[in-house]
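S.K.: This is the structure I want to talk about, given as structure tokens.
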Amino acid sequence: MLHRSLFSTAGRLGLFKLLALLVILASLAACAPAAAPSSGAAGSEPTTITVWGWPAADVAFESFTADFEAKYPDIKLDVQMMPTADEHTKLLAALAAGTGAPDVAMIEINNIDKFVAKGGLVNLLDEPFNAGVYEKDMVPYKWAQATTPDGRLVAFPWDIGPSTFFYRRDLLEQAGLPSDPESVTKLMSTWPGFIDVATKLTDPAKQRWAINAASDIVYSNYGHRNFFDADWNCVVNNERAVQLLTYAQQARAAGIDAKVATWGPEWQTMLGNDSIAIQLGGAWFGGFLKGWLKPEGVDWTGKWGVVEVPEDPGQNWGGSFMAIPEQSEKKDAAWKFIEYALANKDAQNKMFAAVDYFPAYIPAFDDPLYKEADPFFGGQETRALWVDIANKIKPFITTPMDAQAEQIFMSWVNKALDENLDPQQAMNDACVEIDQQTAGDKAEALKLREQSK
Amino acid sequence: MTQLATAVPRRRSVSLWREMRRNWVAYAYIAPFFILFAIFGAFPILFSLYLSFQQWNGISPIQFVGLENYARLLADRLFWLSLWNTVFIGVIAHIPILFGALVLAFIVNSSLIRWKQFYRAAYFLPVVTAPVAVALVFGTLYGVRFGLINWVLTTVGLPAIDWWGGTGQWIKPAIIILFIWRWLGWNMIIYLAGIQGINPELYEVAAIDGASLRQVFFHITLPLLRPIILFTLVLSTVGAMTIFDEPYMLVGVTGGANNAGLTTALYLYNNAFQFAHFGYASAIAYVVSAIIVLVSVFNIRVFGRSQTEA
């Protein structure tokens, strides 16, 4: 009879009242544990901060976790790794929803413009973070990228990607070319020189090509940047871009590219079976070669060399940031973690040694680590080269429209290569489309920029 | 009676409410579906209708822009291109899918075939295969330099196919082949269920009368399957207009060379999750939905009417 009376009580109370009661109880239960630690933050209760990112950041963090926990015994890390694209989508959703975001979120260079110029992330220049004191210690363009049109810093620089060409010493030797970095740098100091070397390397009968995609010649100078001038007018139809596209067309005509997309399974296979001799990449690409790209049972030690990009070596590809969402209730602990990990020579260099993420923190470069010869690269002092390139990188312009602009720009570059279009005309067309497609975002961001003046 | 009739609307709502309260346990049992549907179905549908008249980047305050998103759509070259790509891929892929599935279902159901279960499972397998595995396998098949298809072609002396290059002329065929492979078995299973719902006595009568297999197919199976065919047509319209996985796996978010593989769903995804144009993406979603509804109504009219005549 018990259930009978229970039902009738429920009937009397009314279903909706009962449901409402349940909802209130459930939300109270959910709030209670969350409220407790923040009220007792001053005490000895450990604070756990959630950190979102993608591999190999977890390995990078492990390299200094013990030191961090020794310094801040009351802060515990909950590191959650997911694929790069998923992380950004989830973060955007959590910021839009106003709930569910982590305390610290990694943001990649490709996605930073999606978050700059919008709300949701803490301005790190404000009290109590005062990140401004580190501005002089950071690679300037990196700092600029995370700064919003109205002057807030919404993410803290982690690493940069000084771009270089990675080349196979043994394959160059087979083609009768010198393979030491000095000679190769000299041979490939201009794009015509690069194409010349590449032509000697390429032999389709032996399934060998110099590079995977001729579009990399353009991309080397235009990864995530320089699509607009200071007034945010599209400039990819300028002389430089057209010149690079012309070189890329010459490369395509010479047949030196395999026409295989970077990152696909076929590309990976071809790197592994000696079908691609030269590959463009940021410093982080060295870590890929030592790690997941290396085919099983093959020893690549001493077989790779690194040279700068022809003509204008100060180039960058990739790199990431860390940010604190506004909704985090543990901003202090989150900032302590970011400051320790990124504005700290010791932690930055431990991460660099572990996963080849090249620090954006300039004081880190003053370390014996950067003078070391890397046996994987045949004893070349690659880190010193990357520091040199990082110093050569000129300030460049990034805008909130870059992700879309890059997609349209590279589509036109590939179209110009595939259909052998007039390079100037193709780049003009690219600009028309970029201006058209990004007009809405541009107006919005400009309004923000005006407001701050 | 007339007195009562005027009182009906009010009485009905009161008694409905009373009925619901009396049977609240039953309603509580079916509530989970409706609660989940309200949160994950109805809310997004209504919210994106609202969003389609706004400008929103996901974080900043939502701004009302009236019909601007729809006006922009009309002038957007990429939107029209994506619509053309979607319709082209959808129509070309569904001709072999629907005809093939029907014939396959008929064959697999026929008493002349052995190992029916094996064939049914084999044709259905692509539907339940994880997209990641599909992407890997087809990436290997479609490889330009080290692909299985190109290896076969060059071995027999034919030129290799430049799948992703040129003007993108091979991108649509590549997507269509993958799409057919993935969805043939799905439609076959639906037709098979329909065929098995046909009274077997009709076949026996036909056999006694000496009807050929061909006659049985065209005069018994096909006409009686009409409602099922209508069902698959509607499902296919929805499936075709929302093609996403296949081009995303093969050519990524841009749709490849000349945007040849850019479908409307891909363009929508791009706008929402790559560029954070949620208002614009919602407008695209509503235009696509309108097209699906129109085509479905057309299908229902054409097939539905002839059925009532029959």
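S.K.: Taking segment B:54-72 as the region of interest, how many residues are within 13 Å of chain A (Cβ to nearest Cβ) and either part of a helix (DSSP H, G or I) or touching a Pro at 6+ places or on another chain (Cβ under 7 Å) (or both)?
M.R.: Here is the first cut: in segment B:54-72, the ones within 13 Å of chain A (Cβ to nearest Cβ) are B:54-63, B:65, B:68-69, B:71-72.
Now restrict to residues that are either part of a helix (DSSP H, G or I) or touching a Pro at 6+ places or on another chain (Cβ under 7 Å) (or both): B:68-69, B:71-72.
Matching residues across segment B:54-72 total 4.
Conditions tested, residue by residue: (1) in contact (Cβ under 8 Å) with a residue 40 or more places away in the chain; (2) away from chain B (no Cβ under 14 Å); (3) among the small types (Gly, Ala, Ser).
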site	(1), (2), (3)
A:PRO359	yes, yes, no
A:PHE365	no, yes, no
A:PHE377	yes, yes, no
A:ALA384	no, yes, yes
A:ASN428	yes, yes, no
A:GLU450	no, yes, no
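S.K.: While we're looking at this one, here's another question. So, in segment A:244-257, how many residues would count as being closer than 19 Å to A:GLN425 by Cα, of a type outside the set (A, V, I, L, M) and either surrounded by 19 or more Cβ atoms within 10 Å (Cβ to Cβ) or without any contact (Cβ under 8 Å) to a residue 24 or more places away in the chain (or both)?
M.R.: Of the residues in that region, 3 qualify.
S.K.: Can you tell me which residues in segment A:398-434 are crowded, with 24+ Cβ neighbours inside 10 Å and touching a His at 6+ places or on another chain (Cβ under 9 Å)?
M.R.: Matches in segment A:398-434: A:ASP402 only.
S.K.: Residue pairs, Cβ under 6 Å, 6 or more apart or interchain, first in segment B:63-87 and buried (at least 16 other Cβ atoms within 10 Å of the Cβ), second hydroxyl-bearing (Ser, Thr, Tyr) and not in a helix (DSSP H, G or I). List them.
M.R.: B:ASN69/B:SER52; B:SER82/B:THR263; B:ASN85/B:THR263; B:THR86/B:THR263
S.K.: State which residue is nearest to the other protein chains (Cβ to nearest Cβ) when the search covers only segment A:256-287 and only residues that are under 18 Å from the mean Cα position of the chain (by Cα) and over 26 Å from B:ALA257 (Cβ atoms).
M.R.: This residue is A:TRP284.
Every residue, every condition in (1) assigned by TED's automatic domain parsing to the domain that holds B:SER236; (2) of a type outside the set (A, V, I, L, M, F, W, C); (3) farther than 14 Å from B:GLU246 by Cα, yes or no:
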position	(1), (2), (3)
B:THR167	yes, yes, yes
B:ILE176	yes, no, no
B:TRP181	yes, no, no
B:ILE189	yes, no, yes
B:LEU192	yes, no, yes
B:ILE198	yes, no, yes
B:LEU202	yes, no, yes
B:ASP209	yes, yes, yes
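S.K.: Take segment B:23-53 and flag every residue that is within 12 Å of chain A (Cβ to nearest Cβ), touching a helix residue (DSSP H, G or I) at 6+ places or on another chain (Cβ under 6 Å) and under 19 Å from A:GLY98 (Cα atoms).
M.R.: If the condition is that a residue be within 12 Å of chain A (Cβ to nearest Cβ), touching a helix residue (DSSP H, G or I) at 6+ places or on another chain (Cβ under 6 Å) and under 19 Å from A:GLY98 (Cα atoms), then B:LEU51 is the only one that fits.
S.K.: Still on this structure: Please work out if B:GLY185 is in contact (Cβ under 8 Å) with a residue 60 or more places away in the chain, away from every other protein chain (no Cβ under 14 Å) and under 24 Å from B:LEU104 (Cα atoms).
M.R.: Working: in contact (Cβ under 8 Å) with a residue 60 or more places away in the chain: yes; away from every other protein chain (no Cβ under 14 Å): yes; under 24 Å from B:LEU104 (Cα atoms): yes.
The answer is yes for B:GLY185.
S.K.: Residues being part of a helix (DSSP H, G or I), in contact (Cβ under 8 Å) with a residue 24 or more places away in the chain and among the aliphatic types (A, V, I, L, M): count how many of those fall in segment A:131-178.
M.R.: Residues flagged as part of a helix (DSSP H, G or I), in contact (Cβ under 8 Å) with a residue 24 or more places away in the chain and among the aliphatic types (A, V, I, L, M) within segment A:131-178 amount to 4.
S.K.: On to the next question. Mind counting the residues in segment A:95-130 that are part of a strand (DSSP E or B) and either at pLDDT 95 or above or not charged (D, E, K, R) (or both)?
M.R.: Pass one, segment A:95-130, residues part of a strand (DSSP E or B): A:104-108, A:121.
Subset that is either at pLDDT 95 or above or not charged (D, E, K, R) (or both): A:104-107, A:121.
Qualifying residue count, segment A:95-130: 5.
S.K.: Here's a follow-up. Does B:VAL87 satisfy being under 20 Å from B:TYR267 (Cβ atoms), assigned to a helix (DSSP H, G or I) and either in the same structural domain as B:ALA260 (by TED's automatic domain parsing) or β-branched (Val, Ile, Thr) (or both)? I'd like the intermediate steps shown before the answer.
M.R.: Details: under 20 Å from B:TYR267 (Cβ atoms): yes; assigned to a helix (DSSP H, G or I): yes; either in the same structural domain as B:ALA260 (by TED's automatic domain parsing) or β-branched (Val, Ile, Thr) (or both): yes.
Considered against the rule, which asks whether it is under 20 Å from B:TYR267 (Cβ atoms), assigned to a helix (DSSP H, G or I) and either in the same structural domain as B:ALA260 (by TED's automatic domain parsing) or β-branched (Val, Ile, Thr) (or both), B:VAL87 comes out as yes.
S.K.: Does A:ARG383 count as charged (D, E, K, R), surrounded by 21 or more Cβ atoms within 10 Å (Cβ to Cβ), part of a helix (DSSP H, G or I) and more than 18 Å from the chain's Cα centre (by Cα)?
M.R.: Numbers: charged (D, E, K, R): yes; surrounded by 21 or more Cβ atoms within 10 Å (Cβ to Cβ): yes; part of a helix (DSSP H, G or I): yes; more than 18 Å from the chain's Cα centre (by Cα): yes.
Yes: the conditions hold for A:ARG383.
S.K.: Which residues, taken from segment B:232-278, are closer than 17 Å to A:GLU406 by Cβ, buried (at least 23 other Cβ atoms within 10 Å of the Cβ) and of a type in the set (Gly, Ala, Ser)?
M.R.: B:GLY255, B:GLY256, B:ALA257, B:ALA276
S.K.: Can you pull out every residue in segment B:151-182 that is within 14 Å of another protein chain (Cβ to nearest Cβ), part of a helix (DSSP H, G or I) and within 30 Å of B:VAL238 (Cβ to Cβ)? Can you show your working first?
M.R.: First, the residues of segment B:151-182 that are within 14 Å of another protein chain (Cβ to nearest Cβ): B:151, B:154, B:159-171, B:174.
In the following step, the residues that additionally are part of a helix (DSSP H, G or I) were identified as B:151, B:154, B:171, B:174.
If the condition is that a residue be within 14 Å of another protein chain (Cβ to nearest Cβ), part of a helix (DSSP H, G or I) and within 30 Å of B:VAL238 (Cβ to Cβ), then B:ILE171, B:ALA174 are the ones that fit.
S.K.: While we're here: Looking only at segment A:77-118, which residues are at positive phi and buried (at least 22 other Cβ atoms within 10 Å of the Cβ)? Let's see the steps before the verdict.
M.R.: As a first pass, look at segment A:77-118 and keep what is at positive phi: A:98, A:100, A:117.
Listed by number, the list holds a single entry, A:ALA117.
The values are calculated or read from the model by the stated rules, or taken from the named source; none is laboratory data. Since the model is a prediction, treat every value here as computed from it, not as a measurement. For neighbour counting, all protein chains shown are included, and Cβ atoms are generated from backbone atoms with ideal geometry for every residue, glycine included.
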